[in-house]
Amino acid sequence: MGHRVAGLLAGVWLVLAGSSGFAAAQTDDVGAPEAWIIDTDMGQEDWMALLYALGRSDIDVRAISIVGDGVGRCPGAETMALALVPFATGEDGAIPVACGASSPLDGFHAMPPAWRDAADPKNFDPLPVPSAVADPRGGVDLIIETVRAADEPIGILAIGPLTNIALAFDKAPDIVENVRAVVVMGGAVYASGNVAVPSDDTMPVNTVAEWNMFLDPVAADAVFSSGVTIRLVPLDATNLAPVDGALAGRIFDGIETAPARWAHSVLQGAIASGGFYFWDPLTASVAFDGSVCRFTLLPLRVMAGTAVSGWSYPGTADDFPATNWRGEPRHHLATADAGGLVRDMAKGNWVIVCIEPDVDAFVAGFRASLSAEP
Ligand SMILES: [Ca+2]
């Protein structure tokens, strides 16, 4: 067993040991709040995760970087994040917000435009208009400078495609050692992927990938290979937390704070349609409370191969820059397995994986955060 594996095992032990200390930290208010950056693609579940993080007095969100190649489009997503900060904290402009990348490092993968349109903040109960504006540094430099400014290693909660984080690590490799862990919502380990939509014949056949990984597999591969400690919350875990009436009721019933009422109203469409999960708030919960999950150490490699031809959502190919992140003509990706995770002892990277979350603990933590008055 190499040093790296031993170190990760020690990390797993610390995560588990730290879980019993978490309750004490909440009740006794011992120690400084934990510093985090949240990198998000600003879908509905991302908004929930932000409210969850911002509502916790033991979590210090230092920056919100937005990745614009997932659900949200940069301008609307920035405004939404800027509005959520005062809504949850009472302080307009308390946390810098900036969008970074709006296309993947390589390939032509994108979400169906209709899904992105449906997730536009204008379709939901509006929040008060913020006076703060986006940070002029942009999302990638915001990550780099926030990590460099942290006096102790800082965590990154990554709840969208990993494009911004890959770009930050590529531009400033020195920051990796000051990142405590990147906690990633993404991938499917034993579970099936969620990209294939049998009823939509414009979708590719890919049964192995989860959307965040599928949208930018090259970025995911780069972050997995960077040497940073990764804690992964894959579909195996999030499948246990569906956005349905029963679980939403357990989270929101009886809480009358403005964030709880707004969050519950935002989720009504998802509850009615089905097929949504608490992907991002569950990942936040796993990030902040080690007790929410039992972790497994696995050697994982992200499939990110190129192909002569490949899929892009019909009508979107012209939306991509002509060149990839290396300045080469943009490649097609091997769509059928792009973003899939392979367990590979030889070439995999050791990742701390949450397979089996404690949904009751997630519910309790989410409720506690939403119950706090801004
Ligand atoms: Ca997300």
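Values in this text are rule-based calculations from the coordinates and carry no lab data. Because the structure is predicted, anything quoted here is derived from the model rather than measured. Cβ coordinates were reconstructed from backbone atoms using ideal geometry, including for glycine residues, and neighbour counts include every protein chain displayed.
Taking amide hydrogens as placed 1.01 Å from N in the peptide plane, the amide H of residue 194 sits under 5 Å from those of 209, 210, 211, each at least 5 positions away in sequence or on another chain. Charge tally for residue 215 (other residues, Cβ to Cβ under 10 Å; Lys, Arg +1; Asp, Glu -1): -4. Near residue 191: Cβ cut-off under 13 Å, other residues only, Lys/Arg at +1 and Asp/Glu at -1. The net charge is -3.
Per DSSP H run of at least 4 residues, take -39500 (n - 2.57); add these up for the chain, divide by its residues and hand me the 222 nm value, nearest 500 deg cm²/dmol. Result for the chain, helices only: -11500 deg cm²/dmol. With R₀ set to 25 Å, the beta-carbon distance separating residue 60 from residue 174 gives a calculated FRET efficiency near 0.65.
Note: relative contact order over the chain, using C-alpha pairs below 8 Å and six or more positions apart, is 21 percent. Given R0 = 51 Å, the distance between the Cβ atoms of residue 190 and residue 131 translates into a calculated FRET efficiency of 0.60. Name the trypsin sites (Lys or Arg not before Pro) in region 294-374 that are in a loop by DSSP and that have at most 14 other C-beta atoms within 10 Å, would you? Within region 294-374, the qualifying trypsin sites (Lys or Arg not before Pro) (loop, at most 14 other Cβ atoms within 10 Å) are 326, 347. Backbone amide hydrogens, once placed in the peptide plane, bring residue 189 within less than 5 Å of 235, 236, excluding anything fewer than 5 places away on its chain. Compute a Gaussian network model of the chain, connecting alpha carbons closer than 10 Å, and tell me which residue from 119, 110, 338 fluctuates the most. Evaluated over the chain, the most mobile residue of the options is 119.
Placing R0 at 30 angstrom, the Cβ-Cβ distance between residue 347 and residue 308 gives a FRET efficiency of 0.80 after rounding to 0.05. Of the GluC sites (Glu not before Pro) found in region 31-97, the ones in coil according to DSSP and having at most 15 other Cβ atoms within 10 Å of their Cβ are 91. A dipole drawn for the chain from +1 and -1 charges on Cβ atoms has a positive end, and of 272, 308, 157 the residue lying farthest that way is 308. A Cβ-based charge dipole, computed about the Cα centre of region 101-172 with Lys and Arg at +1 and Asp and Glu at -1, lands at about 140 debye. Each label point was placed 7 Å from the Cα along the Cα-to-Cβ direction; for residue 294 and residue 91 their separation is 4.0 nm. The modelled label-to-label distance for the pair residue 371/residue 326, using points 7 Å beyond Cα in the direction of Cβ, is 5.3 nm.
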